[in-house]
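Read through the structure below, which is laid out as structure tokens, and then see the notes.
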Amino acid sequence: MATSNILSIGKTALNAAQVGISTTGHNIANASTAGYSRQVVVQSAASSQNFGYGYVGQGTEVSSVTRVYNDLLARQAINSQSVSAGLETYAANMSSIDNMLSDASAGLSPTLNDFFASVKALSANPNDPSTRQTMLSNAQSLVNRFHSTNSRLDEIREGINTQLSSSVGLVNTYAKQLSSLNDTIDKAISATGNQPNDLLDQRDQLVTELSKLIKTTVVPQGQGGYNVFIGNGLPLVVGTTSYNLTTASSPTDPSRLEVAYHSNNKTSILSTESLPGGSIGGLLQFRSESLDAIQNKIGQIAVSIAGTFNAQHAQGTDKNGNPGGNLFTIAAPIVNSNSNNTGTAVISSQVVDASAVTSSDYRLQYDGANYKITRLADQSVQTFASLPQTVDGLSFTQASGTINANDDFVIRPTLNAGNTLALAFSDVNKLAVGGPVLSSSANAGNTGSANLSALSVNSSYAASPLASPLTFTYTSGIPGTFAMAPSALPVTVTNGGSSTTYPPGAPITYTSGATISVGGLSFALSGTPANGDEFTVAPSASTGPSDNRNGLLLANLETKGNVQAIGSTTKNSYNAAFAQMVSGVGNKTRELKVTSAAEAQVLEQANTAMQSESGVNLDEEAANLLRYQQAYQAAGKMMQIASQLFDVLLNIR
């Protein structure tokens, strides 16, 4: 009995040593396998047997082979992986824009400086054909630089669409694999009661890869199942069921891909805020926080240059003595109707004051009674009972159709401006550097205190310039009115945000400080006129080919404040606005690089902590191999002794 007991104990020891050698060899073989967790043999003493004189041990048994895995460290590593991937993606994209804008030779500033240098040269020598050609060539170079800069930003935007599509496809692939592993692991545990360690490692490695794409949260369930949530709590894998992400065009911009969640045959577009972390979150955050703002800012500078330069250019006369027209052309703001709108309204927008246009996009909404215009950059809201209205130098008009409650429109005044900027003419003789096309005067016999100021013309004036003087005669009364002669044109009076148009020949109600517009020209009247006071606006004669009066004014635009800052009363010059933007991009890029490096260090520490506990140490495994080898040999020796004892018993007979 004792001999067989010794043999049985030796057999259990031999089996335990054999399992230990196999497990150690498995660890050594997978030392370099990504996501592999070190496995250990868990032994326990076999139940002892009572022989009357006491309990005698029956050897050992292998309880299980478990992996060394720390859930807390794993969660920390997954979270850090998601944050690090998002910051790295954001920083990489910002760095490419920073390198492009800050290039001293390829940036916008050198071309802008060259353009205004040629404007100054022309104002000094207005009759020189080569100087005129140089200015026109530099204007074309400026247009080309806006095109190339905007095209590069468009390429980045298209790249984001491509990356989002591929990343979303990869997320869905991981989701299916995770749900499949959940099923396999559940069946394995149900059948044997033991943990399939290698399958668990495969599943955890998939979760790690998923966290590189999007913020991932794991909630263990039951006897080994995983529920996986993404973003701010959207279920991606629940047991053996997986859900899908997809991409969909933005309802207010068909060219812009958004990430959407597909469930119960319904697709819902997800906001950037609901998908933090991972490369997907980094791409969405970069696009919404930086790319849109940068491209809008460049477009704003293009709009400001085109609008303010055209406005001043129209005030002068060209080499042939004709009124100046537009030097630049630029497309109207983009207006996108929400695809979910139920009405048929068409909203249009125009730039009416280029120096007041901001770099923000706008949303126009109708609630059934009022129109709400929101400046999206700072969420500033203005409400109006009707259209048209002017906000930040932009007109908003319902051109046609019927607008219904909750209809929504997004207006992008500057996003594509850099691409659409162009020269309006190529004839050097049309450069209007000569003196103003109009002059104004008050009748010497006037007895009131009113005065005429801010005389200017817009781009339409050159098509039908004033052929003879216009005279405005005041008649006192309640209210006081002006009569215009000749009276063949309608007159528009603008005061604050409201405008009134008077038909030809109708008396014009006087409002001090109001702007009067007629036939492409405008001026302001202010003060207190007396009955019979007269004011005259007349064509102005050029002083000859050497006239440079408007050229000097055009050159002065370089340093004037013509670029409006959002939510501010201050305006920057073109160069100052661009420099401020480049500085902001540089600061943001440096901030992201520092933050990304710090988070990469945190991730490295989290991975090191996991590896120190779960990773395979080859020196330790080599020692274990020797230990199990010695245990195997000792168990074999025990069985040999048991055999010899049995032989002794047989030989007694």
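The combined condition, being of a type outside the set (S, T, Y), free of Cβ contacts under 8 Å to residues at least 12 places away in the same chain and assigned by TED's automatic domain parsing to the domain that holds D253, is fulfilled by G159. For beta carbons closer than 7 Å, sequence separation of 6+ or different chains, a first residue in region 25-50 that is touching a residue at least 40 places away in the same chain (Cβ under 8 Å) and a second that is surrounded by 14 or more Cβ atoms within 10 Å (Cβ to Cβ) and small (G, A, S), the qualifying pairs are S37/S614; R38/S614; R38/G615. Taken as a whole, region 280-292 holds at least one residue that is surrounded by fewer than 19 Cβ atoms within 10 Å (Cβ to Cβ) and touching a Ser or Thr at 6+ places or on another chain (Cβ under 9 Å). Selection of first residues in region 90-102 that are part of a helix (DSSP H, G or I) and of second residues that are modelled with pLDDT under 90 and not hydrophobic (A, V, I, L, M, F, W, C), restricted to Cβ pairs under 7 Å at least 6 apart or on distinct chains, gives the following pairs, ordered by first then second residue: L101/G107. Scanning region 546-566 turns up one or more residues that are in contact (Cβ under 8 Å) with a residue 24 or more places away in the chain and within 30 Å of L87 (Cβ to Cβ). Select, from G532, G584, G513, the only residue that is assigned to a loop (DSSP other than H, G, I, E, B) and without any contact (Cβ under 8 Å) to a residue 24 or more places away in the chain. Of the residues listed, the single one that is assigned to a loop (DSSP other than H, G, I, E, B) and without any contact (Cβ under 8 Å) to a residue 24 or more places away in the chain is G513. Against the test of being more than 18 Å from L142 (Cβ to Cβ) and out of contact with any Leu (no Cβ under 7 Å at 6 or more places or on another chain), the options S348, S304 yield a single qualifying residue, S348. Cβ separations smaller than 9 Å between residues 6+ apart or across chains give the following pairs from region 405-431 residues that are of a type in the set (D, E) to residues that are assigned to a strand (DSSP E or B) and surrounded by fewer than 22 Cβ atoms within 10 Å (Cβ to Cβ): D407/S337; D407/Q365; D407/Y366; D408/S337; D408/R363; D408/Q365; D408/Y366. Taken together, A46, A29 contain a single residue that is farther than 19 Å from M610 by Cβ and either modelled with pLDDT of 90 or more or not small (G, A, S) (or both), which is A29.
Among the conditions (1) within 30 Å of S546 (Cβ to Cβ); (2) in contact (Cβ under 8 Å) with a residue 60 or more places away in the chain; (3) in contact with a Ser or Thr (Cβ under 8 Å, 6 or more places away or on another chain), S118 misses just one, which is (2).
The C-beta contact set for region 238-263 (first residue touching a residue at least 40 places away in the same chain (Cβ under 8 Å) and acidic (D, E), second residue surrounded by 17 or more Cβ atoms within 10 Å (Cβ to Cβ) and part of a strand (DSSP E or B), distance under 6 angstrom, 6+ apart or interchain) comprises D253/N336.
Flag: S80 matches the condition of being closer than 30 Å to Q605 by Cβ and either of a type outside the set (D, E, K, R) or in a helix (DSSP H, G or I) (or both). Which residues, counting only those in region 179-197, are among the small types (G, A, S) and not in a loop (DSSP other than H, G, I, E, B)? Hits for region 179-197 are S179, S180, A188, S190, A191. All conditions in (1) touching a residue at least 24 places away in the same chain (Cβ under 8 Å); (2) touching a strand residue (DSSP E or B) at 6+ places or on another chain (Cβ under 6 Å); (3) not hydroxyl-bearing (S, T, Y) hold for E613, with the sole exception of (2). When restricted to residues that are within 16 Å of I301 (Cβ to Cβ), within 22 Å of the chain's Cα centre (by Cα) and part of a loop (DSSP other than H, G, I, E, B), region 549-581 contains 2.
Considering the conditions (1) in contact with a Lys or Arg (Cβ under 9 Å, 6 or more places away or on another chain); (2) over 30 Å from S460 (Cβ atoms), N296 is excluded by exactly one of them, (2). The number of residues in region 528-553 that are in contact with a Gly (Cβ under 7 Å, 6 or more places away or on another chain) and either acidic (D, E) or modelled with pLDDT of 90 or more (or both) comes to 5. Got at least one residue in region 322-343 being in a helix (DSSP H, G or I), small (G, A, S) and closer than 28 Å to R152 by Cβ? No: zero hits. Looking at region 407-432, which of the residues that are out of contact with any helix residue (DSSP H, G or I) (no Cβ under 6 Å at 6 or more places or on another chain) and assigned to a helix (DSSP H, G or I) is modelled with the highest pLDDT? Per the stated criteria, the residue is T420. Do you know which residues across region 615-651 are aromatic (F, W, Y), surrounded by 15 or more Cβ atoms within 10 Å (Cβ to Cβ) and either at pLDDT 90 or above or out of contact with any Leu (no Cβ under 7 Å at 6 or more places or on another chain) (or both)? Scanning region 615-651 gives a single hit, Y628. Please verify whether S268 is part of a strand (DSSP E or B), at pLDDT below 95 and within 30 Å of R152 (Cα to Cα), treating the condition exactly as stated. Criteria not met by S268. Can T402 be described as of a type outside the set (D, E) and either over 30 Å from F146 (Cβ atoms) or surrounded by fewer than 19 Cβ atoms within 10 Å (Cβ to Cβ) (or both)? Yes: the conditions hold for T402. Being of a type in the set (V, I, T) and assigned to a loop (DSSP other than H, G, I, E, B) is a property that holds for T33.
Considering S522, S487, S512, the condition of being within 20 Å of G325 (Cβ to Cβ) and in the same structural domain as S456 (by TED's automatic domain parsing) is satisfied by S522 alone.
When Q221 is tested against (1) in contact with a strand residue (DSSP E or B) (Cβ under 6 Å, 6 or more places away or on another chain); (2) modelled with pLDDT of 90 or more, just one condition goes unmet, and that condition is (2). Taking region 405-435 as the range and being surrounded by fewer than 16 Cβ atoms within 10 Å (Cβ to Cβ) and more than 36 Å from the chain's Cα centre (by Cα) as the test, the residues that pass are S426, D427, N429. Of all residues in region 440-488, those satisfying the criterion of being surrounded by fewer than 15 Cβ atoms within 10 Å (Cβ to Cβ) and within 13 Å of S522 (Cβ to Cβ) are S453, A454, S460. Number of residues in region 489-521 that are of a type in the set (G, A, S), under 23 Å from P539 (Cβ atoms) and surrounded by 17 or more Cβ atoms within 10 Å (Cβ to Cβ) equals 3.
The values are calculated or read from the model by the stated rules, or taken from the named source; none is laboratory data. As the structure is a prediction and not an experimental result, all values here were calculated from the model. Counting neighbours? That spans all protein chains shown, and the Cβs are built from the backbone with ideal geometry, glycine included.
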